[in-house]
Amino acid sequence: MKGKVEAIIGTQWGDEGKGRVVDAVASRVDVVVRYQGGANAGHTVMAEGETYIFHLLPSGMLYPGKTCVIGNGVVVDPQQLIEELEGLQEKGKDRARLVLSGNAHVVMPYHKVLDGMEERFRGTGKRIGTTRRGIGPCYMDKVARRGIRVEDLLGPDVLREKLTFNLEYDNLLLTRIYEESPLSFGEIYDQALTWGEKLAPYVGDGSLVIYRAIEAGDTVLLEGAQGTLLDLDHGTYPYVTSSNAIGGGGCTGAGIGPVQITRMTGVAKAYCTRVGSGPFPTEADEESANRLRDRGGEYGATTGRPRRCGWLDLVALKHAVRVNGLTGIALTKLDVLSGEKKLPVCVAYSHEGRRVEDFKGGYSFLEKVKPVYKEFEGWEEDTSNCKNFDSLPEQARKYVEFIEKETGVPVVFIGVGPKREQMIRRGL
Ligand code: GDP
Ligand code: IMO
Ligand code: MG
């Protein structure tokens, strides 16, 4: 194979800054691919004086001459995708060529309704705190082999047949289990056909487009959504999303052979955040959490919910190194830590009195762990204009070097502000 495939993925609970890191490297790659998740993602790119939040479109859309692929592993909300595309078109910023995989699954209106119903059914204590974008129910239909795929939106007869079958089933769920009103076939069918007409020009074979690009010697970038700790298999189950957010998900979600991925960059915030329920061993006390949230602007890019905030967790980060095979770490939001007097970094967990350094995602384990912290001296200096590693305050350099030493992985990128130019490149 002539070309290369690399991946940029989240190492924590999402919102690590994947969008801005993808934007930082997009100019030197040829194809950017989303391979899992859906409009639960919100990837922020601040460029050319504007803020863009990509939910379904890959974060390379602003670059002319590039190809952006929405892979088969993504669950596509057509309405959201159309709105996102139109938003860019109005500004003349839809500069890349878009390919939407025909075998990606479609988030239908009933998936969103069921997402809300399932959360309600779980009740206060067991709620996942989903984004209510229909992600879980859509992946459920995919696995149950009754899902509607993008290509089905282009065939009125197939669509009618599949939708009839699905709606019969889902309306039973809605009326008999959740005691809600049934959804109307006609309305959804007509809407789905309109979506199909609008999206038809983009529908193609994502895996084939990627294969041809690699054969032509191009570089392909896989853009992960969510993060390792939200991964269905390797995250903090059951408080996870319904897809494989880790780098390996890129193989199935885009149709690429595993050995083709040569670079795996994990994005980590210099501290930690989480939206939604579930264990968070290094969650800070209210005062510190409020401070981090204010300074870091920690409000969800998709739902606007305030993010829970806490300290860097190296036990979890080492887990991300392991399950993704990370070759580099992109450390974002280092600037947010300026002004913190002390910086606790979690180096181990204490579990029923024993020191544990290996992460386990299971809830029953995580709910019993206490973080063991190593405390760093903070720094006062503003780092948002630092252009290279040596210009960072000494304490900040020590912080970064400690992360490299503990994980055994080089920090190849440092974010010192949200804007495109506010970064320190160290080989990414
Ligand atoms: P993603 O989902 O991983 O792409 O991340 P989000 O876009 O949801 O959240 C990251 C937030 O942090 C966005 O508001 C970014 O603009 C912002 N951000 C990213 N990198 C940095 C950084 O280095 N410093 C600061 N201050 N903000 C950053
Ligand atoms: P990006 O790509 C942060 C969280 C939700 C919830 C759990 C399950 O922007 O990093 P879901 O709607 O997927 O069934 O919700 O996962 N979640 C995210 N948190 N960033 C994301 O995406 C997320 N996508 C889902 O808050 O806890
Ligand atoms: Mg996000």
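Being within 16 Å of ligand 3 (Cβ to nearest atom) and either in a loop (DSSP other than H, G, I, E, B) or under 25 Å from Ile148 (Cα atoms) (or both) is the requirement here; does Val240 meet it? Yes, satisfied.
Can you pull out the residues in segment 310-325 that are within 26 Å of Gly297 (Cβ to Cβ) and open to solvent by 10 Å² or more (accessible area, probe 1.4 Å)?
Trp311
Residues in segment 325-342 that are more than 16 Å from ligand 3 (Cβ to nearest atom) and of a type in the set (Lys, Arg): Lys341, Lys342. Taking the conditions exactly as written (within 16 Å of ligand 1 (Cβ to nearest atom) and either charged (D, E, K, R) or in a helix (DSSP H, G or I) (or both)), does Leu326 satisfy them or not? No: the conditions fail for Leu326. For segment 94-114, the count of residues that are open to solvent by less than 30 Å² (accessible area, probe 1.4 Å), more than 16 Å from ligand 3 (Cβ to nearest atom), more than 30 Å from Val143 (Cα to Cα) and among the small types (Gly, Ala, Ser) is nonzero. Does any residue of segment 271-281 turn out to be within 16 Å of ligand 1 (Cβ to nearest atom), among the small types (Gly, Ala, Ser) and open to solvent by less than 10 Å² (accessible area, probe 1.4 Å)? Within segment 271-281 (the criterion being within 16 Å of ligand 1 (Cβ to nearest atom), among the small types (Gly, Ala, Ser) and open to solvent by less than 10 Å² (accessible area, probe 1.4 Å)), the answer is no, since none of the residues qualifies. Suppose we keep only residues that are under 16 Å from Leu292 (Cα atoms) and in contact (Cβ under 8 Å) with a residue 40 or more places away in the chain within segment 341-380. Which one would you say is most open to solvent (accessible area, probe 1.4 Å)? Of everything passing the filter in segment 341-380, Glu380 is most open to solvent (accessible area, probe 1.4 Å).
Residues being away from ligand 3 (no atom under 16 Å from the Cβ) and either open to solvent by less than 30 Å² (accessible area, probe 1.4 Å) or not small (Gly, Ala, Ser) (or both) are entirely absent from segment 39-46. Of Val69, Val25, Val29, Val33, all but one fail to be away from ligand 2 (no atom under 15 Å from the Cβ), in contact (Cβ under 8 Å) with a residue 12 or more places away in the chain and assigned to a strand (DSSP E or B); the exception is Val69. Residues of segment 133-150 that are open to solvent by 20 Å² or more (accessible area, probe 1.4 Å), charged (D, E, K, R) and either without any contact (Cβ under 8 Å) to a residue 40 or more places away in the chain or part of a helix (DSSP H, G or I) (or both): Lys142, Arg145, Arg146.
As for segment 343-358, it holds no residue that is touching an Asp or Glu at 6+ places or on another chain (Cβ under 8 Å), within 16 Å of ligand 3 (Cβ to nearest atom) and not hydroxyl-bearing (Ser, Thr, Tyr).
Annotation note: of Gly247, Gly206, Gly217, the sole residue that is of a type in the set (Gly, Ala, Ser), open to solvent by 10 Å² or more (accessible area, probe 1.4 Å), touching a residue at least 12 places away in the same chain (Cβ under 8 Å) and more than 9 Å from ligand 2 (Cβ to nearest atom) is Gly217.
The values are calculated or read from the model by the stated rules, or taken from the named source; none is laboratory data. This one's a predicted model, so the numbers in the text were calculated from it and none came from an experiment. Note: ideal-geometry Cβ built from the backbone for every residue, glycine included; neighbour counts use all protein chains shown. For the accessible areas, the whole protein counts, side chains as well, though only heavy atoms, and no ligand, DNA or RNA atoms are used. Shrake-Rupley method; radii C 1.70, N 1.55, O 1.52, S 1.80 Å.
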